[in-house]
Amino acid sequence: MDEHRDEWTDEQWRAQLSPQEFQVLRRGGTEAPFTGEYTDLVAEGVYRCRACGAELFRSETKFASHCGWPSFYSPLAADRVRYLPDASIPGRPRTEVRCARCDSHLGHVFEGEGYGTPTDQRYCINSICLSFVPADEH
């Protein structure tokens with residue numbers, strides 16, 4: 001694994017990722033709701049950044065939010081993700097979630113939506129930004 005992926009050029013990323021992965025991970029796009037391979041997955045394991053392999057979320061923090069994307073109530077550790085203000089939708093400020101290792105876009109985090117999670121947060125993450133490693137392979 002290249003530890004300097006945060007310095008890669010667009011050409012290097014395009015060679016590594018599919019066009020759809022590039023659009024979401026490197027351009028901040030969003031996959032269509034209810035289309036991702038991990039939206040309804042219920043299995044024990046770890047979710048990693050598809051771009052760099054960093055471990056981001058554990059299955060124990062995944063919950064069914066019925067929003068169309070995999071939802072987690074916390075990252076694996078505070079230093080695994082970083083946060084940026086996102087004002088791209090007028091009147092709806094959001095907080096973007098990015099991989100701390102390679103700076104790829106993952107999704108957004110929302111607070112106080114009444115999901116009853118231990119953190120009262122919902123990390124709404126694009127499936128295409130993740131790869132899943134089952135617990136017995138980790």
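The values are calculated or read from the model by the stated rules, or taken from the named source; none is laboratory data. These figures come from a predicted structure and were not determined experimentally. Neighbour counts run over all protein chains shown; Cβ positions are idealised from the backbone, glycine included.
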ask   = Out of region 61-73, which residues are closer than 17 Å to Cys129 by Cβ and of a type outside the set (A, V, I, L, M, F, W, C)?
value = Thr61, Lys62, Ser65, Gly68, Pro70, Ser71
query = Name the pairs: first residue in region 119-133 and among the acidic types (Asp, Glu) and assigned to a loop (DSSP other than H, G, I, E, B), second residue at pLDDT below 95 and surrounded by fewer than 22 Cβ atoms within 10 Å (Cβ to Cβ), Cβ to Cβ under 8 Å, at least 6 apart or on different chains?
reply = Asp120/Glu111; Asp120/Gly112; Asp120/Glu113
inquiry  = Restricting to region 87-112, count the residues that are more than 26 Å from Gln16 (Cα to Cα) and surrounded by 14 or more Cβ atoms within 10 Å (Cβ to Cβ).
reply    = 4
task = Enumerate the strands (runs of 3 or more DSSP E) found wholly within region 1-92, keeping only those where 3 or more residues are in contact (Cβ under 8 Å) with a residue 40 or more places away in the chain, farther than 17 Å from Phe110 by Cα and not polar (S, T, N, Q).
result = 45-49
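Does at least one position in region 90-97 carry a residue that is within 22 Å of Thr9 (Cα to Cα) and touching a strand residue (DSSP E or B) at 6+ places or on another chain (Cβ under 8 Å)?
Let us first name the residues in region 90-97 that are within 22 Å of Thr9 (Cα to Cα), namely 96-97.
Next, from what is left, pick out any that are touching a strand residue (DSSP E or B) at 6+ places or on another chain (Cβ under 8 Å): 96-97.
Yes, region 90-97 contains at least one residue that is within 22 Å of Thr9 (Cα to Cα) and touching a strand residue (DSSP E or B) at 6+ places or on another chain (Cβ under 8 Å).
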task = For region 42-67, enumerate the residues that are crowded, with 16+ Cβ neighbours inside 10 Å and either touching a Lys or Arg at 6+ places or on another chain (Cβ under 6 Å) or among the aliphatic types (A, V, I, L, M) (or both).
result = Val46, Ala51, Cys52, Ala54, Glu55, Leu56, Ser65
ask   = Here are some conditions: (1) surrounded by fewer than 20 Cβ atoms within 10 Å (Cβ to Cβ); (2) under 21 Å from Thr39 (Cα atoms). Leu84 meets all but one. Which one does it not meet?
value = (2)
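Is it the case that region 65-79 has a residue that's charged (D, E, K, R) and under 25 Å from Thr35 (Cα atoms)?
So in region 65-79, the residues charged (D, E, K, R) come out as 79.
Now drop any that are not under 25 Å from Thr35 (Cα atoms), which leaves none.
Checking region 65-79: not a single residue is charged (D, E, K, R) and under 25 Å from Thr35 (Cα atoms).
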inquiry  = Among the residues that make up region 108-116, is at least one of them within 14 Å of Leu25 (Cα to Cα) and in contact with a strand residue (DSSP E or B) (Cβ under 9 Å, 6 or more places away or on another chain)?
reply    = yes
